[in-house]
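Take a look at the structure set out below.
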Amino acid sequence: MPHFHGGTALAGGPGVPEMRFGEPFRAGFVALRRLDVQREFLQASVHRALRYSVTSDPCSAAQMVSRDPIPCYGPFRRSFHRPGERATWVPGPDCMSLDDVQADVPTEADVLASFPALPDVMDPPDLVQQASVFRIYPDDTQIAAFRQWIGAARWLWNRYVEINQHLYDYEGRFAFQQELSSLLPQMKKAQGLEWLAEPPASHIVDVSCRFDQSLRKFLDDKQAVRAGRMSKNAAAGFPRFKSKRDREGSVYVSGQNVRLIRREANPHAARGWVELPAMDQTEVWERTVKGGKRKGQVDELPKPLRKAIRIRGGRWPEGHVQSVTIREDAPGVWIMSVQYLGPPPKRKRRGEDIDVPDPEVAARGYDLGCSSAAVGSDGSRLEPDRPLRKRVKRLRRAQRRSARRRQARLDQAQEKKKDIPRSRRERRAYAEEARIHHQVRNARYNFTHQFTHRATAKAVVTCAEDLNVSGMIRNPKLALSVSDAGMGEILRQLEYKSEWRGRHFVKIDRWAPSSKTCSGCDHKLDELSLSTRRWVCPACGADHDRDENAALNILRWGLKEALRRGTPKVTPGESRALVGGKSRKGKRTRRNSARKAQ
């Protein structure tokens, strides 16, 4: 603790010279910082000097301990005054303000220099699970077939729900995938259910798989709630019936039953055709008999043909196609997603592969938010695109229009006491609303893909905070902004793109106090409101921007976590030594699998 001796001097501790209170404040502050005095001494001495030197005059602090005339040196014009006498002084040209004595805020280079070793680029994997999205252009007959297949899957799902409800009521058990799939052959042969055999068999079997997953999720969550590992609100419920009005239906087809045909006229573009099962169309060919007794007669020959559907996308699948999923993304817009196992995708320019550029920096941390989509540890800011905010007026107008027309139909049906189908104007209103949602979704995907591509290409290690997006959406004041920012999608894309390129991606704990911890001295504030965008550290005086300070802390903690886990070129034992911990002997310091493979 600071102590006084001699009446006029302040002694700091080992190696700190005595300092007169009448000397300029700058010399005292800089001397204390350069000699790295303990934090308690720094706070007490500087705050005491600030209270007397800056608020009244530079010699008032000495009057507290001495009644002798005190000389004032340095930037102050008046040199002597008597104890108890009010000194009138004017700051000289060398006098400093509080802004001049603030501590320097650390930069990204300072954080990286504090680590003696950093993770290196890994070898990218040979094969990764990925998907290519195409827009398909089916005709009216094919659209009707898709909707019939989706309806058949919905009907089968509802039957599974009904079967399990009856089984639990009478036998106290549930039916899972194996038992449910065994009922399909009998159901297809039942009278009145012949249409159940029209969709592809893989699409029908997929309903049993998805229902099995949903049922097991419900039972696992229920057991976790009983054990106290999960709250009741977060647990999944029992599978529910699906309505005809749900537009979430899709068609699942196994990859071995799909044939992709690439257009030869432009082999570099991802355009061509797709042939799906159960899409055969019978064409009647006419042939005229040229000789014999039946000369001149016309024979009709039915010819089954599999009609291909035109597709257009951004990247052609290069690998083993595993499955294909088809859905209606908007009225009249059908999307096909092709899941396949292949090498990591490469950028192409005029048909030629372009290698991923070398990283510009060893590591970079990002603080995701609403006012700024991402703030980097280098001080860069990415302004949010806000696709929903830009179209919210159009969307609300379309929603009000469709609601009015729906309510008019319901009132008319109640008056006439019979069901009335939707009018053309009501269907048009719903289509306009769906198109706006489609535009918002595409704009958000485009924004997130561009940012995550640049972020993973620039740095070897990318650090971000694991955000509770679902919890943030529950706040009605932040729900629209959080949903519009797409933070959950950004984290998902950063993770798999880093893996594809041999980079490292580290998630920081969502409860880590990144915003209210000083990145220079590790001082932690007790409270920091969301409206406070800048704050001054009471320990070191550093003036922090809230988001930039959080990005620096995320970078620092992320690098510690990456080195603690170990990388292909740094063992976990060496990593603990690099981040300041002691290397422990035993099985925990063994080389990781990548190091052992070498």
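Put Thr462, Thr532 in order of accessible area, largest first, 1.4 Å probe: what do you get?
Accessible-area ranking of Thr462, Thr532, largest first: Thr532, Thr462.
His438 versus Asp522, label points 7 Å from Cα toward the beta carbon: distance in nm?
Distance between label points: 5.5 nm.
Can you give the FRET efficiency to the nearest 0.05 for Asp139 and Asp411, using r as the Cβ-Cβ distance and R₀ = 41 Å?
0.65
Label 7 Å along Cα→Cβ of Ser337; segment 427-441 residues with amide nitrogen under 16 Å?
The answer is 438, 441.
Please turn the phi angles of segment 236-244 into ³J(HN,Hα) values with the Karplus equation 6.51 cos²θ - 1.76 cosθ + 1.60 (θ = phi - 60°), one per residue in order, whole Hz, x for glycine and proline.
Per-residue couplings from phi come out as 6, x, 5, x, 9, 5, 9, 9, 5 Hz.
Label points 7 Å out from Cα along the Cβ direction at Cys370 and Val128: separation in nm?
Computed distance between label sites Cys370 and Val128 equals 3.2 nm.
Between Ser380 and Asp120, what is 0.36 nm times their sequence separation minus the Cα-Cα distance? Round to one decimal in nm.
91.3 nm
At a 10 angstrom cut-off on C-beta neighbours, averaged per residue, how do the peptides 508-514, 228-234 rank from highest to lowest?
The densest-packed peptide leads the list: 508-514, 228-234.
May I ask you to compute the full-extension gain from Trp195 to Ser243, defined as 0.36 nm times their residue separation minus their alpha-carbon distance, rounded to one decimal in nm?
15.4 nm
What accessible area, in Å² to the nearest ten, does a 1.4 Å probe give for Asp123?
Roughly 140 Å² of Asp123 is accessible to a 1.4 Å probe.
Amide H neighbours of Ile311 under 5 Å, at least 5 residues apart or on other chains, H built in the peptide plane: list them.
Gly272, Trp273, Val274
R0 = 35 Å: FRET efficiency of His166 with Arg404, Cβ-based, nearest 0.05?
The computed FRET efficiency comes out at 0.25.
Could you rank Glu426, Glu162, Glu286, Glu465 by how accessible they are, 1.4 Å probe, largest area first?
Glu286, Glu162, Glu465, Glu426
Can you compute 3J(HN,Hα) from phi for each residue in segment 145-159, using the Karplus curve 6.51 cos²θ - 1.76 cosθ + 1.60 with θ = phi - 60°, rounded to whole Hz and x for Gly and Pro?
5, 4, 5, 5, 5, 5, x, 5, 5, 5, 4, 5, 4, 5, 5
If you roll a 1.4 Å probe over the heavy atoms of the protein chains, what accessible area per residue do you get for segment 419-487, in Å²?
Per residue, segment 419-487 has 53 Å² of solvent-accessible surface.
For Ala224 and Arg397, what is the calculated FRET efficiency with R₀ set at 41 Å and r taken between the beta-carbons, to the nearest 0.05?
0.40
To the nearest 20 Debye, how big is the dipole of segment 357-467 about its Cα centre, given +1 on the beta carbon of each Lys and Arg and -1 on that of each Asp and Glu?
1660 debye
Any idea of the accessible area per residue across segment 132-206, 1.4 Å probe, to the nearest Å²? List each step's numbers first, then the result.
Working: 4010 Å² over 75 residues.
Accessible area per residue: 53 Å².
Just subtract the alpha-carbon distance of Ala269 and Arg315 from 0.36 nm times their residue separation and send over the number in nm, one decimal.
15.8 nm
On the accessible surface of segment 292-343, probed at 1.4 Å, how many percent belong to carbon and sulfur atoms?
Here it works out to 50 percent.
Could you check the spin-label model distance between Ala234 and Leu305? Points 7 Å from the Cα along Cα→Cβ, value in nm.
Going from the Ala234 label point to the Leu305 one covers 5.7 nm.
Taking a ≥ b ≥ c as the square roots of the Cα gyration tensor eigenvalues, with a/c under 1.5 meaning rounded and otherwise prolate when a/b beats b/c, else oblate, which class fits segment 179-233?
Details: a/c = 4.26, a/b = 3.43, b/c = 1.24.
It is prolate, given that a/c is not under 1.5 and a/b is the larger ratio.
Rounded to the nearest percent, how much of the accessible area of segment 180-231 (1.4 Å probe, protein heavy atoms only) is carbon and sulfur?
Roughly 52 percent of what the probe reaches on segment 180-231 is carbon or sulfur.
So, with a 1.4 angstrom probe, what is the percent of accessible area on segment 372-486 that is carbon and sulfur? Present the calculation step by step, with values, prior to reporting the outcome.
Working: 3230 of 6890 Å².
Summing carbon and sulfur atoms, their accessible area is 47 percent of the total for segment 372-486.
Please label the shape of segment 234-292 as rounded, prolate or oblate, based on the square roots a ≥ b ≥ c of the eigenvalues of the alpha-carbon gyration tensor (a/c under 1.5 means rounded; beyond that, a/b larger than b/c means prolate, else oblate). The partial results should precede the final answer.
Numbers: a/c = 3.95, a/b = 1.80, b/c = 2.20.
Oblate shape, in that a/c is at least 1.5 and b/c is the bigger or equal ratio.
When all alpha-carbon pairs of segment 456-539 are counted, what percent fall beyond 19 Å? Write down the numbers at each step before the final one.
Details: 1905 of 3486 pairs.
Distances greater than 19 Å cover 55 percent of the Cα pairs.
5 Å is the cut-off here: which amide hydrogens, built 1.01 Å from N in the peptide plane, fall below it relative to Gln130, excluding neighbours closer than 5 in sequence?
Sorted by chain and number, the residues that satisfy this are Tyr340, Gly342.
Is the shape of segment 324-423 rounded, prolate or oblate, going by the alpha carbon gyration tensor and its root eigenvalues a ≥ b ≥ c, with a/c under 1.5 for rounded and a/b larger than b/c for prolate?
Oblate, since a/c reaches 1.5 and b/c is not below a/b.
The values are calculated or read from the model by the stated rules, or taken from the named source; none is laboratory data. What you are looking at is a predicted structure, and each value in this text was computed from that prediction instead of being measured. In this analysis, Cβ positions are derived from the backbone assuming ideal geometry, glycine residues included, and neighbour counts consider all displayed protein chains. Each accessible area value is taken on the protein alone, full model and side chains, heavy atoms only, with ligands, DNA and RNA left out. Shrake-Rupley method; radii C 1.70, N 1.55, O 1.52, S 1.80 Å.
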